[in-house]
Each structure stands twice: as structure tokens, then as C-alpha cells.
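> I am attaching a structure below and will ask some questions about it afterwards.
Read-outs: derived from the displayed coordinates by stated rules, not from any lab. Given the structure is predicted, the values throughout are model-derived calculations rather than measurements. Neighbour counts run over all protein chains shown; Cβ positions are idealised from the backbone, glycine included.
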Ligand SMILES: *Cc1c(COP(=O)(O)O)cnc(C)c1O
């Protein structure tokens, strides 16, 4: 499609995109090149935790851009130090390495665990991961992921990621051997279809990994930063993991991610880990603005309350249309359909009048909802009304 001075065909084809160009966003709303409005329950894939273009992010970017954009990762900068301190003060972790994407943070977690295994477990390097998990799109994180078809897509895979069954502790224990260094999981499987780990499973995993002297890594790229109604999803189980990764929400829409670890695990030495943009002040200034908002009194309670409200409204919808209920945690939820209509519903929602609705269907039998964490009840009602109309067709 021709658009102003360009053509959309100049972009490499990696996904079918609708014939529209988004030009503006505000809160839960997006506006395309024809001025058409869309109610957004995708929010950049659970990325824009404060909605589109929140004033605190715009302010952090403009203020920091006028001050210092990048002195290089070989020097400290103010927002980098402030954000790392805020993260360690509000979690069970002692140190932070900043990255740009979730996949890169997970690569860092894998490297840290392998190095720790070399030093402390006579070269143990295997990391047990789970079927249907998603950890990113680099070669190692694709190999760690349990997504169907990914084992052959860019073969050969990176070795050392045996797969256990999610929420099945015996399947994990059966895989632990002398080469095992860690277990890595998402506290809520996002791409896998919004499947929360059971509290008892997380607690049993912590106990099992401790007993075997191996590490527990939580990939909170999607579940972290308030998404489930707590700052981090591991808190629901009252456990203390050894390593955590963050992405998506931490940047509120800009590329920022983090690898956090407890002191005893922090074994990188100079030269082991790095990256041109790690901890750059422009992005970490945004992270500070986002985290301060999440930590404001009452904010996370509101997220939990909105999550309960969304769950209740989805359950009503499910009962009315004979669907199979809903599941999730906080404001990461899925509606389970009675058939494989997900992609069709997503397309029809986009085209609705008088305004479109942006939904996502990570599996054909379900719809996923990941609105801004400050979405209003009125916006949830509006979305439910539209979905109700669609399901009646
Ligand atoms: C999105 C996601 C990733 C990958 O993050 P990118 O920023 O796309 O590299 C990794 N893990 C989980 C759980 C995710 O949801």
C-alpha cells in the first residue's frame, strides 16, 4: 500500500498486517491514518502498561533527551543507577543488568546460569524449560521455548534445554541429573495461552531446585511489572527465585529489559556480558517513570481490582454464549472459546463500527486480553459490549 512518501512493500514480510497505518495513540485508544479509532486491548503485546503515550513517559523522554542520551555502557549514568536501585529495593534480587529486549535478558539469564554451573556444579549447563513456553526469538531462547515447530525451524537448535510439563512437578524431577543447572519458567505462560503456574507448583519447584542445589529462573517478561496485580508474579507464591528477567512493561513501550539475580549467583566477570545500549539513560529514565507510577500507593491494588472486574465480565460473556470460561492473572486474561474462531473474531473486531477493537488470539481457541494497567471499568465495559455483539453474529 502507498502511504505518504513510502510503500509498505519496502518492509520485509514477516506477518500479515491490516491495510492501515497507526498515527496516534492516547490511553486505551489508537488512531489510524484515516482518523478511525480503535479500543486497544493488546497494548503492544502487554508492553504499554500505562497506555499509549502517557504523560510521564513523554516527559521522561524529552527531559532525558535534552540532558544525556548515551555516554556508553562503560560509564554509570543517573537513571541507570536509580532504576537498578528501585528494582533491587522492591524485589528479592541484589543486582541488575539492563538489556533491550526480553529475549536478550533471557540470553543473559542462560549465560549467567551456565557460568554459575561451570563454577559451582562441575560444568552443569542444562536448563529445564517447559512445553508451550515462550522465551524469545534468538537461537538460544527459541531453543529454550517449547513452541511447536520451533525445534526444526532454524535447526540445529542450541542444545541443553530438556522440556518438562508445566504444572507437573514429577516431570521436572525426572529430568534433573548431574548436567542440570537450572529450571526456567514463566509464572504465567503468556504466548502459550495465558496459563498460570499453580502456587503449589511454584512452591514445589523452589523446594525441589533448592534440594538439588540448582537455580530457579523466572521469566517475568510478560507477567512482571504489575501485570498480575503484584509487582512480580513470583510474589503470589511467596517464593524467592535466584534469577528473574523483565521486559515488555518495564519500558512502558520503549525497548528496555532487565536481568536480575541474587548476589550469590552474580558471577559475571568483566568481558563476560555486555551490549552497546545496556542501561542507556534514555530508556532507563522511562523505566524509572514507569516503576514510580506502579509503586504509587494503591496502583497495584487497582490493577488487581480491574483484573477481577475483567474476569467477572468475561465469565458473564462466557455463560451467555456457551463458551468455556476464562483464566489468567490480574490484567493478563484469556477467554476460552468453544471452537477455533479466535483469528476470525480478531479480524472482525478490527473492522467493527463505529470504532475498531484490538484483540489477540495466541491460540485459535482463545482470545487474550492485555490492556493498559490503568484501563478504566468503562473501557472494559465497552470492550465486553463489542465482543458480545461479535459473538452474537
Ligand atoms: C515477549 C516475551 C519474551 C521476548 O521478549 P522480546 O522483547 O520480544 O524479545 C520472552 N519471554 C516472555 C515470557 C515473553 O512474553
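> At what distance in angstrom do the alpha carbon centres of the range 42-74 and the range 277-330 lie from each other?
Result: 19 Å between the Cα centres.
> Rounded to the nearest 0.05, what FRET efficiency is calculated for residue 10 and residue 384 with R0 set to 41 Å and r the Cβ-Cβ distance?
Between residue 10 and residue 384 the formula returns 0.60.
> Note the angle between two axes, namely the Cα long axis of helix 78-89 and the longest principal axis of the Cα atoms of the chain, as a number of degrees from 0 to 90, rounded to the nearest 10.
Computed tilt is about 80 degrees.
> Classify the range 1-43: rounded, prolate or oblate, from the alpha-carbon gyration tensor (a ≥ b ≥ c, eigenvalue square roots; a/c under 1.5 rounded; otherwise prolate if a/b is larger than b/c)?
Oblate, since a/c reaches 1.5 and b/c is not below a/b.
> Taking a point 7 angstrom from the Cα of residue 321 along the C-beta vector, which residues in the range 331-347 have backbone N less than 17 Å away?
The answer is 333-347, whose backbone nitrogens lie closer than 17 Å to the label point.
> Nearest 500 deg cm²/dmol is fine: what mean residue ellipticity at 222 nm does the chain get from its DSSP H runs of n ≥ 4 alone, each adding -39,500 (n - 2.57), divided by its residue count?
One gets -11000 deg cm²/dmol as the mean residue ellipticity at 222 nm.
> At a threshold of 8 angstrom on Cα-Cα distance, excluding pairs fewer than six apart, so keeping six or more, what relative contact order does the chain reach in percent?
Dividing the mean separation by the residue count of the chain yields 22 percent.
> Could you sort 237-249, 63-75 so that the peptide with the highest average Cβ count within 10 Å comes first and the rest follow in order?
237-249, 63-75
> As I understand it, the value is the acute angle between the Cα axis of helix 55-65 and the longest principal axis of the Cα atoms of the chain; what does it come to in degrees, rounded to 10?
That helix lies at roughly 60 degrees to the long axis.
> Okay, next question. How would you rank 132-141, 5-14, highest first, on the average number of other Cβ atoms within 10 Å across their residues?
Result, highest mean first: 132-141, 5-14.
> How much FRET efficiency would the formula 1/(1 + (r/R0)^6) give for residue 174 and residue 198, where r is the Cβ-Cβ distance and R0 is 25 Å, rounded to 0.05?
Approximately 0.85, to the nearest 0.05.
> Turning to a different aspect of this structure: How would you classify the range 26-66 from its alpha-carbon gyration tensor, with a ≥ b ≥ c the square roots of the eigenvalues: rounded for a/c under 1.5, else prolate if a/b is greater than b/c, otherwise oblate?
Oblate shape, in that a/c is at least 1.5 and b/c is the bigger or equal ratio.
> By the gyration tensor of its Cα atoms, with a ≥ b ≥ c the square roots of the eigenvalues, what is the shape of the range 222-264: rounded for a/c under 1.5, prolate for a/b over b/c, or oblate?
Oblate, because a/c is 1.5 or more while a/b does not exceed b/c.
> Compute the acute angle (0 to 90°) between the alpha-carbon long axis of helix 299-321 and the principal axis of greatest extent of the alpha-carbon atoms of the chain; round to the nearest 10°.
So the helix axis and the longest Cα principal axis differ by about 60 degrees.
> I've got another one for you. Report the full-extension gain for the segment residue 339 to residue 122: residue separation times 0.36 nm, less the Cα-Cα distance, to one decimal in nm.
This chain segment gains 73.2 nm when fully extended.
> If the chain between residue 21 and residue 139 were fully stretched, how many nm would it gain, using 0.36 nm times the residue separation less the Cα-Cα distance?
39.4 nm
> Have a look at the DSSP beta bridges in the chain and tell me what percent are antiparallel, nearest 5.
Bridges in the chain are about 65 percent antiparallel.
> Restricting to the range 150-295, compute how many DSSP beta bridges are antiparallel as a %, nearest 5.
If I count the DSSP bridges inside the range 150-295, around 45 percent turn out antiparallel.
> When the chain is fully extended, how far beyond the present Cα-Cα distance does residue 351 get from residue 72, taking 0.36 nm per residue of separation?
Once the chain is fully extended between residue 351 and residue 72, it gains 95.9 nm.
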